[in-house]
Every structure is written in structure tokens, then in C-alpha cells.
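The values are calculated or read from the model by the stated rules, or taken from the named source; none is laboratory data. In this text, all values refer to a predicted model and were calculated from it rather than measured experimentally. No Cβ is skipped: glycine too gets one built from the backbone with ideal geometry, and neighbour counts run over all protein chains shown.
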Amino acid sequence: MARKFNFSAGPAMLPTAVMQRAQQEMLDWNGSGMSVMEMSHRGKEYMSIATKAEQDLRAVMDIPDNYKVLFLQGGASSQFAMIPLNLLGGKQSADYINTGIWSKKAIAEAKRYCNVNIVADTSHSGFTTVPTQAELNLNPDAAYVHYTPNETIGGVEFDYIPETGDVPLVADMSSTILSRPIDVSRFGLIYAGAQKNIGPAGLAIVIIREDLLGQAPESTPAMFNYKTHADGGSMYNTPATYSWYMAGLVFAWIREQGGLAAMGERNKRKADKLYAVIDQSELYANPVAANARSWMNVTFTLADPDLDAAFLAGAAEHDLITLKGHRSVGGMRASIYNAMPEEGVDALVAWMQEFERHRG
Ligand SMILES: *Cc1c(COP(=O)(O)O)cnc(C)c1O
């Protein structure tokens with residue numbers, strides 16, 4: 001078996017221990033004589049898997065009892081529309097913070113449904129900063145405030161949770177959920193596509209405060225109404241059963257590893273190592289403000305873009321793959337979610353230093 005260190009932004013690496021467990025259980029889950037993929041989602045075997053996954057996520061994130069956890073399909077991108085559909089509650093406007101490409105996508109979709117009030121916009125810095133709390137021009141009558149705590153493409157991450165008073169705070173945590181402890185009670189709604197830090201693609205997690213349910217207009221299709229899924233235990237229709245199961249194995253793995261506190265310490269250490277190499281180097285650069293540097297997606301450019309191909313080819317020879325940056329940003333991006341072992345980061349650091357000695 002040769003597993004490479006895969007720095008893909010998503011779908012991303014999953015913990016090897018989780019993959020091995022899934023492999024063992026592939027043909028016969030727990031003596032049931034069935035693969036999880038072949039089970040009725042309403043059967044007792046699958047119900048036990050689904051319930052345990054939710055319990056483990058609740059334990060890991062310390063989710064208060066007045067929040068529902070939904071296991072949905074359609075990725076994070078469906079949430080860009082479901083959020084205004086469900087949370088406007090008769091109001092005309094919502095506040096959005098624009099810190100990059102994913103913020104913009106959420107904004108574009110919300111504009112179909114309401115007046116989008118851009119309460120802060122960091123395009124002036126080329127999306128290399130996050131606004132301070134004082135810079136947020138919040139509207140107290142907004143239906144909600146939406147932001148992207150971690151911009152996966154730019155590698156820009158908030159180092160604080162915005163304070164929004166009585167207005168519900170909505171967060172696209174697709175690329176930062178489970179990376180460290182967070183206070184769920186500060187949020188009205190948290191959502192995340194699974195394929196970065198949760199499990200395989202095909203699943204999106206929504207954590208929603210119960211009082212925000214039931215506001216969608218009558219015309220809302222049942223599948224796009226959070227209440228449908230909250231009332232039906234995310235089984236109104238057939239959920240993404242296998243992705244849900246895999247997510248459950250990841251949640252259990254996080255618990256075994258010491259929970260989010262342990263994840264956070266490890267993730268910070270991993271990110272610090274990479275930024276240290278970049279900052280000490282003449283060859284590599286990262287433009288993101290020090291307080292806004294992502295722990296999960298570390299972007300860097302080479303002083304001479306003509307060296308990019310040689311850097312990537314040599315990295316691949318060292319089993320370090322998928323380091324090419326997003327086409328809109330260029331350069332490199334090392335996505336180092338929970339499943340990226342510290343040895344993978346150490347190997348990347350060693351390659352970066354070796355490459356700089358010889359080519360830089
Ligand atoms: C990947 C990503 C998305 C899109 O997720 P899909 O599940 O592909 O729709 C949205 N927001 C952020 C921050 C992301 O990183």
C-alpha cells in the first residue's frame with residue numbers, strides 16, 4: 001500500500017485509520033451480512049449508524065441541545081440558496097461579509113432572494129485580510145449576517161467570531177469545521193460541505209438553532225426547507241447513506257484523537273511550520289496578513305513562476321501531490337486538513353527547503 005501525502009483542497013485526504021475501518025466493514029457491516037451501501041436507511045442497522053454519527057458530532061463540537069444537526073445533499077453550494085430561502089422570514093435584506101471567492105458565490109445566490117448588504121469587503125487588499133469587528137457595517141434589521149470563516153482558495157481565515165447582537169450569524173465552515181474548538185452557541189447556522197474535513201463528497205452538514213426553523217415561505221419546495229429535514233431526522237428522502245457513515249467514522253476518529261482541542265493544537269503546529277519556512281525564505285512568499293492566515297489552506301507563490309513546474313514535479317517524486325494553487329490565485333496551495341498527518345507537512349517542509357537550496 002502506498003498512500004501519498006495529498007494536499008488537495010477537496011475532496012481531500014481522509015484518515016487512513018478511517019479508510020481501513022471502512023475497508024474491513026465493506027462487505028459485512030457488524031455481522032449484518034450487508035454493506036452499509038446496501039442498507040435501507042430506515043432499517044435498524046443504518047439507524048444506529050446515523051444516530052451514532054450525530055451523537056459523536058454533537059460530542060466533538062459540543063453542540064447545544066437547542067440546535068438541530070442536518071445531514072443533507074447538494075453540497076455547501078445548495079446552502080447558498082437555502083439560507084436566504086429559509087432565514088429571511090419576511091425581511092428584505094441580509095448582511096454579507098465579502099472576503100473572497102466563496103463569499104462572492106454566496107452573495108450572488110442570495111441576491112436572487114433579497115437585498116444583499118455588503119457590510120465589509122476586503123477586495124481592496126486583494127482578499128489578503130479579514131475585516132475587524134469595528135469595520136463591520138452591520139444593519140440591526142438584517143435577517144442574518146453571513147460570512148466565510150475560511151476562504152479555501154485565498155487561504156484567508158478569520159481569527160475571531162463576528163459579534164452580531166440579536167441578528168443570527170451564519171457561517172460557511174466548509175473548509176474549517178472541526179479544525180479546532182468553536183463556540184457553536186455564537187451562531188444561528190453553521191454549514192459545511194463534507195469533502196474537506198468531514199468525509200466523502202455528497203454530504204453537507206447544517207447545524208441550525210431551532211428557533212430559526214419554520215420561517216420559509218409556503219412556496220418553498222419541501223426538499224429546500226430546513227424544517228422538512230429537521231422534522232424527518234434528515235430522512236425525508238434517502239440521505240447520502242455511505243457518506244454519512246464515513247462522516248461518522250471520522251467523528252469517532254476525532255474523539256479517539258483527543259477531540260477538537262487536540263486537532264487544533266496539531267493543526268496550528270502544522271500551519272506554523274509551513275508559514276515559518278515561507279517567511280524565512282527568499283523564494284517563497286505568502287501575501288496574507290499574519291492574523292488572517294489560514295490553518296487549513298496554506299497558499300504560497302514562488303518568486304519565479306517559471307519554477308512552478310519543477311517544484312511540482314519534484315514534490316510528486318517525494319509523494320507530495322495536488323499542490324498546484326487554484327487557477328484564480330496561481331502558485332501553490334497546501335491544504336492541510338485534519339487527515340493530513342504531521343509527517344506530510346514535515347515532508348513538504350523538507351522538500352521546500354531542498355528545492356530552495358538547489359533552485360532558489
Ligand atoms: C468547497 C467549498 C464550497 C463548495 O462546496 P460544495 O460542497 O462543492 O458545494 C463552499 N464554500 C467553501 C468555503 C468551500 O471551501
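A few comments on the model shown:
- Any pair with Cβ under 8 angstrom, 6 or more apart, that starts in the stretch 1-23 at a residue that is more than 16 Å from the ligand (Cβ to nearest atom) and at pLDDT below 95 and ends at one that is assigned to a loop (DSSP other than H, G, I, E, B) and not basic (Lys, Arg): Ala2/Asp319
- Asp308 meets all of the listed conditions (1) within 20 Å of Lys273 (Cβ to Cβ); (2) surrounded by 15 or more Cβ atoms within 10 Å (Cβ to Cβ) but one, namely (1).
- Subset of the stretch 165-198 that is out of contact with any helix residue (DSSP H, G or I) (no Cβ under 7 Å at 6 or more places or on another chain) and within 15 Å of Ala339 (Cβ to Cβ) - its residue that is surrounded by the fewest Cβ atoms within 10 Å (Cβ to Cβ): Gln195
- Screening the stretch 70-79 for residues that are buried (at least 22 other Cβ atoms within 10 Å of the Cβ) and in a helix (DSSP H, G or I) and picking the one that is farthest from the ligand (Cβ to nearest atom) gives Gln79.
- Test result for Arg180, of a type in the set (Lys, Arg), within 19 Å of the chain's Cα centre (by Cα) and within 30 Å of Ala285 (Cβ to Cβ): yes
- Matching residues, the stretch 165-196, being within 16 Å of the ligand (Cβ to nearest atom), touching a strand residue (DSSP E or B) at 6+ places or on another chain (Cβ under 9 Å) and assigned to a loop (DSSP other than H, G, I, E, B): Met173, Ser174, Ser175, Thr176, Ile177, Leu178, Ser179, Ile182, Phe187, Ala194, Lys196
- Qualifying residue in the stretch 232-247 (condition: within 16 Å of the ligand (Cβ to nearest atom), under 26 Å from Tyr96 (Cβ atoms) and crowded, with 23+ Cβ neighbours inside 10 Å): no
- Scanning the stretch 248-283 for residues that are among the hydroxyl-bearing types (Ser, Thr, Tyr) and within 16 Å of Met296 (Cβ to Cβ) gives a single hit, Tyr275.
- Matching entry among Asn139, Asn117 (being polar (S, T, N, Q) and part of a strand (DSSP E or B)): Asn117
- All told, Asp211 falls short of being closer than 30 Å to Arg333 by Cβ and either in contact (Cβ under 8 Å) with a residue 40 or more places away in the chain or not small (Gly, Ala, Ser) (or both).
- Looking only at the stretch 199-211, and only at residues there that are within 19 Å of Tyr67 (Cα to Cα) and crowded, with 21+ Cβ neighbours inside 10 Å, the one that is nearest to the ligand (Cβ to nearest atom): Ala204
- Boolean, Ile49 is out of contact with any helix residue (DSSP H, G or I) (no Cβ under 6 Å at 6 or more places or on another chain) and among the aliphatic types (A, V, I, L, M): no
- Condition met for Asn86 (surrounded by 18 or more Cβ atoms within 10 Å (Cβ to Cβ), touching a residue at least 12 places away in the same chain (Cβ under 8 Å) and either within 16 Å of the ligand (Cβ to nearest atom) or not assigned by TED's automatic domain parsing to the domain that holds Thr220 (or both)): no
- The stretch 337-360 residues that are of a type in the set (Lys, Arg), paired with ones that are assigned to a helix (DSSP H, G or I) (beta carbon under 9 Å, 6 or more apart): Arg359/Leu307; Arg359/Ala310; Arg359/Phe311; Arg359/Gly314
- Any pair with Cβ under 7 angstrom, 6 or more apart, that starts in the stretch 143-161 at a residue that is closer than 25 Å to Leu323 by Cα and ends at one that is modelled with pLDDT under 95: Ile153/His326; Ile153/Ser328; Ile153/Val329; Gly154/Val329
- Every listed requirement among (1) surrounded by fewer than 20 Cβ atoms within 10 Å (Cβ to Cβ); (2) in contact with a Phe, Trp or Tyr (Cβ under 9 Å, 6 or more places away or on another chain) is met by Ser103 save one, (1).
- Being at pLDDT 95 or above and touching a His at 6+ places or on another chain (Cβ under 8 Å) is a property that Met246 lacks.
- Taking the stretch 1-26 as the range and being surrounded by 11 or more Cβ atoms within 10 Å (Cβ to Cβ) and part of a loop (DSSP other than H, G, I, E, B) as the test, the residues that pass are Arg3, Lys4, Phe7, Ser8, Ala9, Gly10, Pro11, Ala12, Met13, Leu14, Pro15, Met26.
- Filtered residue count, the stretch 144-164, keeping only those that are crowded, with 24+ Cβ neighbours inside 10 Å, in a loop (DSSP other than H, G, I, E, B) and polar (S, T, N, Q): 2
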